[in-house]
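Have a look at the structure below, then the notes.
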Amino acid sequence: MRYVRLDTPKPISKIGLGTWQFGSKEWGYGPEYERRAAEIVRRALDLGVTLFDTAELYGFGRSERILGAALGDDRAKVVVASKIFPLLPVAPVVQQRAVASAARLGVDGIDLYQVHQANPVVADTTTMRGMRSLQDVGLVGEVGVSNYGLRRWRFAEAALGRRVLSNQVRYSMIDRGPEEDLIPYAEQAGRIVIAYSPLAQGFLSGRYDATNPPAGAVRRANPYFLPENLERGAELIATLREVADAHDATPSQIALAYVLRHPNVVAIPGASGVEQMERNAAAAEIDLTDDEYAALVAAARAFRPVTGLAAVPRMVRARLGK
């Protein structure tokens, strides 16, 4: 495993484990999933993974409970990250919700506590006042944000009066917005971009095409999985396969290596089983050549998916089988 080269109390692994799926029925996991989740977490620890990300929203607290139980006595050795859902995130509420998350996780302190989404009404001045109080009493180590633009990230840091270590955003080969400003800022300022959905919910895995679309409700709601977009993505997947063959790897591992090539980026893909966790962790060791990276960039730029309002009627037709 490789780690981010920053002055943090605990090392932060380049590959972490995202636990959105833990306890979430929409992913189709049944009652046996808690046992499977524990196996995934234990294997991640064996592989040197130190970043475990959850949120109070995931499974309405179940993800935090499952993760905390699975980590057991190792909770103090790793970076446990959670997020507050920004419903009225004024200072007293921030403090109360952090206490509740820590209790569900079974920890004395949350290593990285993040604002899940920028609130359009409540200013970060009051939210960060609550975060600063949590740091002062030792309940929170580092503060982070999620889904913030660069300007608001920097404002949040000014409001906190200390570093806001990380910004967790959607980032993958086909969601490259963070490359424009967030990643350069992180590298310049000594901050971290945490990439969620680094495989675009499996689009970049190569498992799906127009004749074999995904079956799960979550992926069916993603316009990337429209038959037209799966067809348009064929050349991108072919390039991923070509680079993967050169490394005896999978397309998913190459897609992860793409985002990890930036020194201040870490990725938190989910894992539905131990084998997937092992493959994800192994991606941290892949070094892409300059030519390979350039080929991936070119293929990603050439992919023009139908998204936004234009995708709505197509998604409706796809749902109706027309």
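The values are calculated or read from the model by the stated rules, or taken from the named source; none is laboratory data. Keep in mind that what you see is a predicted model, and the values were worked out from it rather than measured. Note that each Cβ is placed from the backbone with ideal geometry, even for glycine, and that neighbours are counted across all protein chains shown. Just so you know, the surface numbers come from the protein's heavy atoms only, side chains and all, with ligands and any DNA or RNA stripped out. Shrake-Rupley method; radii C 1.70, N 1.55, O 1.52, S 1.80 Å.
Per-structure values
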quantity	calculated
Any hit, region 28-36, residues being modelled with pLDDT under 95, open to solvent by less than 20 Å² (accessible area, probe 1.4 Å), out of contact with any His (no Cβ under 8 Å at 6 or more places or on another chain) and not in a loop (DSSP other than H, G, I, E, B)	yes
Yes/no for Asn212 being over 19 Å from the mean Cα position of the chain (by Cα), open to solvent by less than 10 Å² (accessible area, probe 1.4 Å), modelled with pLDDT under 95 and not acidic (Asp, Glu)	no
Residue list for region 46-63, restricted to those being modelled with pLDDT of 90 or more and more than 13 Å from the chain's Cα centre (by Cα)	Asp46, Leu47, Gly48, Val49, Thr50, Glu56, Leu57, Ser63
Exclusive hit being aliphatic (A, V, I, L, M), open to solvent by less than 20 Å² (accessible area, probe 1.4 Å) and out of contact with any helix residue (DSSP H, G or I) (no Cβ under 9 Å at 6 or more places or on another chain), set Leu17, Leu51	Leu51
Residues that are under 20 Å from the mean Cα position of the chain (by Cα) and in a loop (DSSP other than H, G, I, E, B), drawn from region 83-94	Phe85, Pro86
Any hit, region 6-20, residues being over 16 Å from the mean Cα position of the chain (by Cα), more than 28 Å from Ala189 (Cβ to Cβ) and of a type in the set (Asp, Glu)	no
Neighbours by Cβ (under 8 Å, 6+ apart or cross-chain): first from region 230-248, closer than 13 Å to Ala298 by Cα; second among the acidic types (Asp, Glu) and open to solvent by 50 Å² or more (accessible area, probe 1.4 Å)	Ile237/Asp209
Val80 being open to solvent by less than 10 Å² (accessible area, probe 1.4 Å), within 18 Å of the chain's Cα centre (by Cα) and within 16 Å of Val115 (Cα to Cα)	yes
Residues located in region 216-226, provided they are modelled with pLDDT under 70 and either under 15 Å from the mean Cα position of the chain (by Cα) or assigned to a loop (DSSP other than H, G, I, E, B) (or both)	Gly216, Ala221
Which numbered condition Arg43 misses (of (1) open to solvent by less than 30 Å² (accessible area, probe 1.4 Å); (2) at pLDDT 90 or above)	(1)
